[in-house]
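Colleague: Quick one: the structure is below, questions incoming.
The values are calculated or read from the model by the stated rules, or taken from the named source; none is laboratory data. Since this is a predicted model, take the numbers as computed values, not measurements. Neighbour counts run over all protein chains shown; Cβ positions are idealised from the backbone, glycine included.
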Amino acid sequence: MMSSMDLTFLGTASAYPSPTRGVSCTALKHEDGSIWLFDCGEGSQIQLMRSLLKASKVNKIFITHLHGDHMFGLPGLMCTVSQNNQKTGQLELYGPHGLRRFIRCSLQLSRSELTYNYVVHELQVVEEQLPAEWNTWTVNHDAEGSLHPNEHPGQQISPDEKGVWNLIEDDRFVVKAVWLKHRIPSFGFCVEEKPTQGKLNDAMLRSMGVPPGPLYGKIKSGETIMSPTGEEVRPEDVLGPPRPGRKVIIMGDTADSSQLMSVGLNADVLVHEATLENELLAQALQNGHSTPEMAAVLGKSLNVGKLVLTHYSQRYKPLGAVTEKDDKSVSVLLEQAEAVLGKGKVICAEDFLTIPIPPRKA
Ligand SMILES: [Zn+2]
Ligand SMILES: [Zn+2]
């Protein structure tokens, strides 16, 4: 049975996990049941186990940037899936230059062999992403030496002339990335579903004497056929309008998301960080982060269907978890984003919240 496409938030805190929140990890479940993870902060494997999702269904992991709250959970998750012998098929990882080295070192030094193979595709970073002090601490980002026994060689992906990293294009999806401004190179990912073919007009075909079967298949593949009565049947006459694909954007940490304007228009869902409230704008920018207003202004320019806020500072308690008089909850952030986008357009993510992304109308 086909299930729906949905997003599940497995961690919504910034910086470090706490008893009430995990750190960044968002699962996009496709209609065929496969799961793509976006970020994998420390403890993400436990969050996955506590959710209704199956870790063995994860076949792609996208890492927005190399801060620990977005990737310290990777080696552990990769090993656990292997130990339980749950996973078959290759795991594909995408992330900034340096991700391959991190994974290879972690798995090699711990002499962790896996029951499945993996490949790391790296996004080459560009000048615009680098903070001013980048070169004051020289770090080797290259994965050197031999591959891990389960590792297959991956690609190095550079941006095209429009400044877009083209990561995946298959018969169902196009996945792109754009750069974000943060304290280290960071990316936002845009997942676009390709349009799906319209429905065959069964009644019309029957009235023309075309029986279900191989002829239906030919029409679906774009062929003009002859009906048994000698009538020409063109695909455009008997196929309904195609259903437009959905677009989902999942951002990394960012103090400047303007690059998204080139790929993110009319997204169904934009997942954007809102680490600190509007009043702490200066601090947010200094730390490479966004406020609800920044996220909402971007969401408005992109004409998104829904803006989902996440990656909260630990000072904002989950809704309903405010106990002390001075405690603040994420409702502060929600209201600030709603002030720009209006009520009903903004969702504050909480751990284990699932948001369905319904198919678009044809
Ligand atoms: Zn972060
Ligand atoms: Zn960060």
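Colleague: Looking at LEU285, LEU260, LEU280, LEU276, which one is in the same structural domain as ALA339 (by TED's automatic domain parsing), under 30 Å from SER329 (Cα atoms), in a loop (DSSP other than H, G, I, E, B) and not hydroxyl-bearing (Ser, Thr, Tyr)? Before you say what the answer is, go through the steps one by one.
Modeller: Working: LEU285 fails: in a loop (DSSP other than H, G, I, E, B); LEU260 fails: in a loop (DSSP other than H, G, I, E, B); LEU280 fails: in a loop (DSSP other than H, G, I, E, B).
The unique qualifying residue is LEU276.
Colleague: Within region 326-338, is there a residue that is part of a loop (DSSP other than H, G, I, E, B) and closer than 30 Å to GLY245 by Cβ?
Modeller: no
Colleague: State whether the residues of region 70-79 include one that is under 16 Å from the mean Cα position of the chain (by Cα), crowded, with 20+ Cβ neighbours inside 10 Å, more than 23 Å from SER146 (Cα to Cα) and not aliphatic (A, V, I, L, M). Before you say what the answer is, go through the steps one by one.
Modeller: Our first condition is that a residue be under 16 Å from the mean Cα position of the chain (by Cα); within region 70-79, this holds for 70-71, 74.
From what is left, the residues that are crowded, with 20+ Cβ neighbours inside 10 Å are 70-71, 74.
Keeping just the survivors that are more than 23 Å from SER146 (Cα to Cα) gives 70.
Subsequent filtering for residues that are not aliphatic (A, V, I, L, M) retains 70.
The answer is yes; a qualifying residue exists.
Colleague: Just wondering, is there one or more residues in region 25-43 that are away from ligand 2 (no atom under 16 Å from the Cβ), without any contact (Cβ under 8 Å) to a residue 24 or more places away in the chain and more than 18 Å from GLU273 (Cβ to Cβ)? Let's see the steps before the verdict.
Modeller: So in region 25-43, the residues away from ligand 2 (no atom under 16 Å from the Cβ) come out as 27-37, 43.
With without any contact (Cβ under 8 Å) to a residue 24 or more places away in the chain added as a condition, the list becomes none.
No.
Colleague: Here's another thing I want to ask about it. Would you check which residues across region 241-262 are of a type in the set (Val, Ile, Thr), under 11 Å from PHE189 (Cβ atoms) and within 16 Å of ligand 1 (Cβ to nearest atom) and list them?
Modeller: Within region 241-262, the subset of a type in the set (Val, Ile, Thr) is 248-250, 254.
Filter once more, so that each one left must be under 11 Å from PHE189 (Cβ atoms): 248-250.
Of everything in region 241-262, just one residue is of a type in the set (Val, Ile, Thr), under 11 Å from PHE189 (Cβ atoms) and within 16 Å of ligand 1 (Cβ to nearest atom), namely ILE250.
Colleague: Only residues that are of a type outside the set (S, T, N, Q), in a loop (DSSP other than H, G, I, E, B) and away from ligand 1 (no atom under 14 Å from the Cβ): list them for region 311-325, please.
Modeller: So the first thing to find is which residues in region 311-325 are of a type outside the set (S, T, N, Q), and the list is 311-312, 315-322, 324-325.
Those still in the list that are in a loop (DSSP other than H, G, I, E, B) too: 311, 315, 318-322, 324-325.
Within region 311-325, ARG315, PRO318, LEU319, GLY320, ALA321, VAL322, GLU324, LYS325 meet the criteria.
Colleague: Another question, then. For region 51-89, give me the residue count where each residue is away from ligand 1 (no atom under 16 Å from the Cβ), of a type in the set (Gly, Ala, Ser) and closer than 24 Å to ARG111 by Cα.
Modeller: Going through region 51-89 one residue at a time, the tally reaches 5.
Colleague: Can you name the number of the only condition in (1) assigned by TED's automatic domain parsing to the domain that holds LEU260; (2) assigned to a loop (DSSP other than H, G, I, E, B); (3) aliphatic (A, V, I, L, M) that VAL308 fails?
Modeller: So VAL308 meets the others, but not (2).
Colleague: Restricting to region 207-265, name every residue that is touching a Ser or Thr at 6+ places or on another chain (Cβ under 6 Å), closer than 24 Å to LEU37 by Cβ and among the small types (Gly, Ala, Ser).
Modeller: Selection gives GLY252 alone.
Colleague: If you don't mind, there's one more thing I want to ask. Considering each of GLY288, GLY305 in turn, give the residue that is surrounded by fewer than 23 Cβ atoms within 10 Å (Cβ to Cβ), at pLDDT 95 or above and either within 16 Å of ligand 1 (Cβ to nearest atom) or closer than 22 Å to GLY41 by Cα (or both).
Modeller: Working: GLY305 fails: either within 16 Å of ligand 1 (Cβ to nearest atom) or closer than 22 Å to GLY41 by Cα (or both).
Among GLY288, GLY305, only GLY288 is surrounded by fewer than 23 Cβ atoms within 10 Å (Cβ to Cβ), at pLDDT 95 or above and either within 16 Å of ligand 1 (Cβ to nearest atom) or closer than 22 Å to GLY41 by Cα (or both).
Colleague: Mind listing whichever residues of region 212-243 are closer than 28 Å to LYS361 by Cα, without any contact (Cβ under 8 Å) to a residue 40 or more places away in the chain and assigned to a loop (DSSP other than H, G, I, E, B)?
Modeller: Hits for region 212-243 are PRO212, GLY213, SER221, GLY222, GLU223, THR224, ARG234.
Colleague: Follow-up. Can you tell me which residues in region 251-262 are more than 12 Å from ligand 2 (Cβ to nearest atom) and surrounded by 22 or more Cβ atoms within 10 Å (Cβ to Cβ)?
Modeller: Let us first name the residues in region 251-262 that are more than 12 Å from ligand 2 (Cβ to nearest atom), namely 256-262.
If the condition is that a residue be more than 12 Å from ligand 2 (Cβ to nearest atom) and surrounded by 22 or more Cβ atoms within 10 Å (Cβ to Cβ), then SER257, GLN259, LEU260 are the ones that fit.
Colleague: Here's something else I'd like to know. Of the numbered conditions (1) loosely packed, with under 15 Cβ neighbours inside 10 Å; (2) part of a helix (DSSP H, G or I), GLY145 satisfies every one except a single condition; which is it?
Modeller: If we test GLY145 against (1) loosely packed, with under 15 Cβ neighbours inside 10 Å; (2) part of a helix (DSSP H, G or I), just (2) comes out false.
Colleague: When the residues of region 113-144 are filtered to those that are more than 27 Å from the chain's Cα centre (by Cα) and of a type in the set (Ser, Thr, Tyr), which remaining residue is farthest from GLY288 (Cα to Cα)?
Modeller: For region 113-144, the residue satisfying everything is THR138.
Colleague: While we're on this one: Which of the numbered conditions does THR254 fail, given that it passes all the others? Conditions: (1) in contact (Cβ under 8 Å) with a residue 24 or more places away in the chain; (2) outside the structural domain of CYS25 (by TED's automatic domain parsing).
Modeller: (2)
Colleague: Return the residues of region 85-125 that are among the aliphatic types (A, V, I, L, M) and either closer than 18 Å to PHE62 by Cβ or not assigned by TED's automatic domain parsing to the domain that holds VAL164 (or both); say none if nothing qualifies. Give the derivation first.
Modeller: Quick first cut of region 85-125, residues among the aliphatic types (A, V, I, L, M) only: 91, 93, 99, 103, 107, 109, 114, 119-120, 123, 125.
LEU91, LEU93, LEU99, ILE103, VAL119, VAL120, LEU123, VAL125, listed by residue number.
Colleague: Go over the candidates THR64, THR80 one by one and state the one that is within 16 Å of ligand 2 (Cβ to nearest atom) and among the hydroxyl-bearing types (Ser, Thr, Tyr).
Modeller: Details: THR80 fails: within 16 Å of ligand 2 (Cβ to nearest atom).
Of THR64, THR80, the one residue that is within 16 Å of ligand 2 (Cβ to nearest atom) and among the hydroxyl-bearing types (Ser, Thr, Tyr) is THR64.
Colleague: Which residue out of SER44, SER51 is farther than 28 Å from ASP142 by Cβ and either at pLDDT 95 or above or touching a Pro at 6+ places or on another chain (Cβ under 7 Å) (or both)? Spell out the reasoning first.
Modeller: Details: SER44 fails: farther than 28 Å from ASP142 by Cβ.
Result of the check over SER44, SER51: SER51.
Colleague: Let me ask another. In the set LEU48, LEU37, which member is away from ligand 1 (no atom under 16 Å from the Cβ) and hydrophobic (A, V, I, L, M, F, W, C)? Let's see the steps before the verdict.
Modeller: Values: LEU37 fails: away from ligand 1 (no atom under 16 Å from the Cβ).
Only one candidate qualifies: LEU48.
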